[in-house]
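Student: Here it is, the structure in full.
The values are calculated or read from the model by the stated rules, or taken from the named source; none is laboratory data. Everything quoted here is computed from the prediction, not taken from an experiment. With ideal geometry, Cβ positions are generated from the backbone for all residues, glycine too; neighbour counts draw on all protein chains shown.
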Amino acid sequence: MLRPITHDPLLAFNLIGPAFLLLAVAVAGGLFSRRAHQLYQFVRLGQPVDRLDDLPKRMEQEATVVLGQRKLLQRLGPGLMHAFIFWGFIVLLTTIVEAFAEVFQPTFAIPLFGRSGWLGLVQDIFSVLVIIGIGMALYYRKVKRPERFKGSHLEEADFILAMIFGIMLTLLFLNATRIAAGINESPARWTPVSNAIAPLFRHMSHDVQGFFERLFLWSHILLVLGFLAYIPYSKHLHIFVSELNVFFANTKARGWLRPLHIDLDRLEGGDVRLGAGTVQDLTWKEILDLYACTECGRCQSVCPAWNTGKPLSPKLIVMNLRDHLFQVGPGLVQAKRAGEPGESTPLNPEVVEDEVVWDCVTCGACMEECPVDIEHVDHIVDMRRNLVMGESRFPPEAGTLLRNLESSSNPWGQPQSSRAEWAKDLGVPVLEDGQAPEYLYWVGCAGSFDDRAKRISQAVARVLQKAGIAFAILGPRELCNGDPARRIGNEYLYQELARQNIETLTKVGARTIVVNCPHCFNTIKNEYPDFGGRFEVIHHSQLFGRLLKEGRLRLTQEVQELVAYHDPCYLGRHNGIYDQPREVLERVPGLSTTEMHRHRQRSFCCGAGGSRMWLEERIGKRINTERTEEAISTGATVLGVACPYCLIMLDDGSKAKGEAIRVLDLAQILELSAGAEPGEGEGAAGQPPAYRA
C-alpha cells in the first residue's frame, strides 16, 4: 500500500483489528487443529502398511497428479473446472498473506515482488478463473447433472462453492476500493478486472471508501478463516487430504495386492486379522482414502458392475465406510486409550452389503479414474478376505472354485496329469529335469483345460516354432498361479500355490517366462517377488512384437479382417501394456483395425476378473454382453483379445448375439498370417517332446 486509511471513524477499529484477528485465528485454528487431531487418531486405528518407499516416484505423483491435475484433466471440461479452482487457490495464497498482514501493517507488501504489476495481474486473472470454475461446477451439478453424482452430498458442495465465491468476490472488491482510493498495491492497469469494478467506489468520500475497504478486507479474512474451520468437519476433507493421499498411493503396478503375513501359530490362537472385518482392520492408508474422496463419481461412472445394473458403486463404498468411521471412530479412540478392544461393528453386511463386495471384477477402472488415487480394489479384496477366511461366507460357486484349487490345483478341477494334453500333437517339449531353455512358456489353467483357450496355447506354440524359438512348458508341474484364490479372498491358498510354483520355477532355472494370460503375467511378475520369486516375465504380445521387429517372425499371409482390439484389464490398466498388442496387429498384412468407444485406459472389462469368471451374474445385464455389443457396434468382423479369460467371456457374449463377431487372440491372428497351419508345428523347432538340458 502507498498510504493507510486512518480516518477517525476507522481509527478505533484499526487499533483493535490485530487483537480481533488474533482471536479469530485462534478460534478457527483451534477448531481446525482439534478436528485434525481427531482425524489423525482415526487413521492411527488402521493397520500398519509401508508407504514411505520409492520417494522419487511419490514426488513425481505430487507434481503430476496434484499440481498438474493430470488425472482430472483426462476429462477436459470438469478437469479445467477443478484446475481453475485449485490453481487459483495456490496463486491466491499470496492475497491471503497480504490480507492478514495488512491488519497489523497497512503498508505491508510481500518482500521482493509484493507491489509488482505482474503479481497483481496474476492475482486478478486467477480470481476470475476461480469464479469461472465455480460457474462451470454449478453448470455440471445443476444443469447437466450426470448420473455419477448420484449419492453425492451436492447441497454441501453448493455451500462450499458459495464460500469460495465469497472469498473471490471480496478479494476483487477489496482491490477495487483500493484502486478507487488510490492506495492500490499493484498498478491499476495491471489489474484490469479490479480496475473495471473500481468506478463503483470512485464517487464516494474517502471515509466511505475506507469503510468499504475495511469491510471487504475483514469479510475476506473471516470467510477464509470460516473455510479453514469448516472443511475438516465437512464431507470435503479432500481439499486438505488429497495431497497426502496421492503421496502415499501405491507406487507398484496397479495389479499388485498387499500380501497378508499369515502366522499359523497366531492364527490358531485367534490372534490374527484375516482381511477387513471391522473398520479397525483397514490399513491406515485405506482409512486415509476415506477422507480423500471428492464424491465426484468418476469411479462410479466407469465401474462395469454399476454400468450393468448391479448395486456396486466404488464411490458409495468409500462414502459408507467414511460415514461409519465418523460414527464409531470417537468410541474406538477412547477405548484404545483405555486399553480396551472397543465395540466392533461388522463391515459386512452392516456397512457394505455382501453382494456389493462380490460384484467387483477388480478391473481397476475406478482406481484409474480416481483423481486422488483412492485404492478401491484394496478395500474390496480386504473385505473378501475376511468373508472367505474369517467367516467362510461366500457365493456357492466360489466354494466350488476353492475346492478345485485345493484338490486339483486348477479352477477347472481337472487332473494335473492332463495339463499338457493340448500340446500332445505339436511336438512341444515338456520340461522333465535339468535347466529350462531360453523361454519357459507358462500356459496357465485356461490355456490348459478350456477347449477354446487351448487354441490360444496351440497358436502360441506354432508361432514360436515358426520363429525357431527354443521353449518348453512345465506340463503337470505347473500349478494355478493363485490369482483366482487371491482375488476371491483366500490369501492363504494363494500363498500356498505361489510358494510351490516359485519353488518349481527356481529349481528349473527359469530365465524368461512367456505367458499369454495377463492374470498369470500380473501375478508372477508383480506379486511373486513378495515371496522371493523374481523372474523375468513377458506377455506373448511383447515377445511377438520383439520377434517381428528382429525379423525372426515373418508374416506372409494376408488376413482380410477388421479387428476391434479389446484391452484386457490385467494387461492394460494393471500393467500399462497398450501399445505392443496394437503394434503387432498393425504388422499383419491385409488387417485393418478400429477402436471401441472405451479403449486403452478406459477399456471396459469382459467380466471375468476378480474371480468373477466362476461366479454367476444374477443382477442386471451381463458385463460380457455389454462389451460384446460395443465391439459389434464398430462394424468389426473380429474382436481381438490378448487374454484367454477375455476370449472365453467375449466368445460367450458373441454366441448370445448369434455369433455376430468372431473372437480371436493375437496368437491366433498371427498363426493365420505366419502360415503356421494346425499340424505344421509338430517338431518344427527340431526338439523332442521332452526337453532335457
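Student: Quick one: how many residues across the stretch 455-511 are within 29 Å of GLY427 (Cβ to Cβ), of a type outside the set (A, V, I, L, M, F, W, C) and assigned to a helix (DSSP H, G or I)?
Tutor: Looking only at that region, the number is 15.
Student: Take the stretch 35-58 and flag every residue that is in a loop (DSSP other than H, G, I, E, B) and farther than 16 Å from ALA335 by Cα.
Tutor: Step one: filter the stretch 35-58 for residues in a loop (DSSP other than H, G, I, E, B), giving 45-46, 48-54.
If the condition is that a residue be in a loop (DSSP other than H, G, I, E, B) and farther than 16 Å from ALA335 by Cα, then PRO48, VAL49, ASP50, ARG51, LEU52, ASP53, ASP54 are the ones that fit.
Student: Give the number of residues within the stretch 594-621 that are surrounded by fewer than 17 Cβ atoms within 10 Å (Cβ to Cβ) and not in a helix (DSSP H, G or I).
Tutor: 8
Student: Another question, then. Let me spell it out: the conditions are (1) at pLDDT below 95; (2) surrounded by 18 or more Cβ atoms within 10 Å (Cβ to Cβ), and VAL381 meets all of them except one. Which number is the exception?
Tutor: Unmet for VAL381, out of (1) at pLDDT below 95; (2) surrounded by 18 or more Cβ atoms within 10 Å (Cβ to Cβ): (1).
Student: What's the number of the condition LEU553 fails, among (1) at pLDDT below 95; (2) surrounded by fewer than 24 Cβ atoms within 10 Å (Cβ to Cβ)?
Tutor: The number of the failed condition is (2).
Student: Moving on to the next point. Taking GLU286 as the residue in question, decide whether it is more than 29 Å from ASP354 (Cβ to Cβ), in a helix (DSSP H, G or I) and charged (D, E, K, R). Working first, answer last.
Tutor: Working: more than 29 Å from ASP354 (Cβ to Cβ): no; in a helix (DSSP H, G or I): yes; charged (D, E, K, R): yes.
No: the conditions fail for GLU286.
Student: Name the residue that is surrounded by the most Cβ atoms within 10 Å (Cβ to Cβ), counting only residues in the stretch 196-217 that are in contact (Cβ under 8 Å) with a residue 40 or more places away in the chain and closer than 19 Å to ALA99 by Cα.
Tutor: Going through the stretch 196-217, the residues in contact (Cβ under 8 Å) with a residue 40 or more places away in the chain turn out to be 206-207, 209-211, 213-214, 216-217.
Going one step further and asking which of them are closer than 19 Å to ALA99 by Cα, we end up with 209-211, 213-214, 216-217.
Numbers: GLN209: 21, GLY210: 21, PHE211: 18, GLU213: 25, ARG214: 19, PHE216: 22, LEU217: 23.
The qualifying residue surrounded by the most Cβ atoms within 10 Å (Cβ to Cβ) is GLU213.
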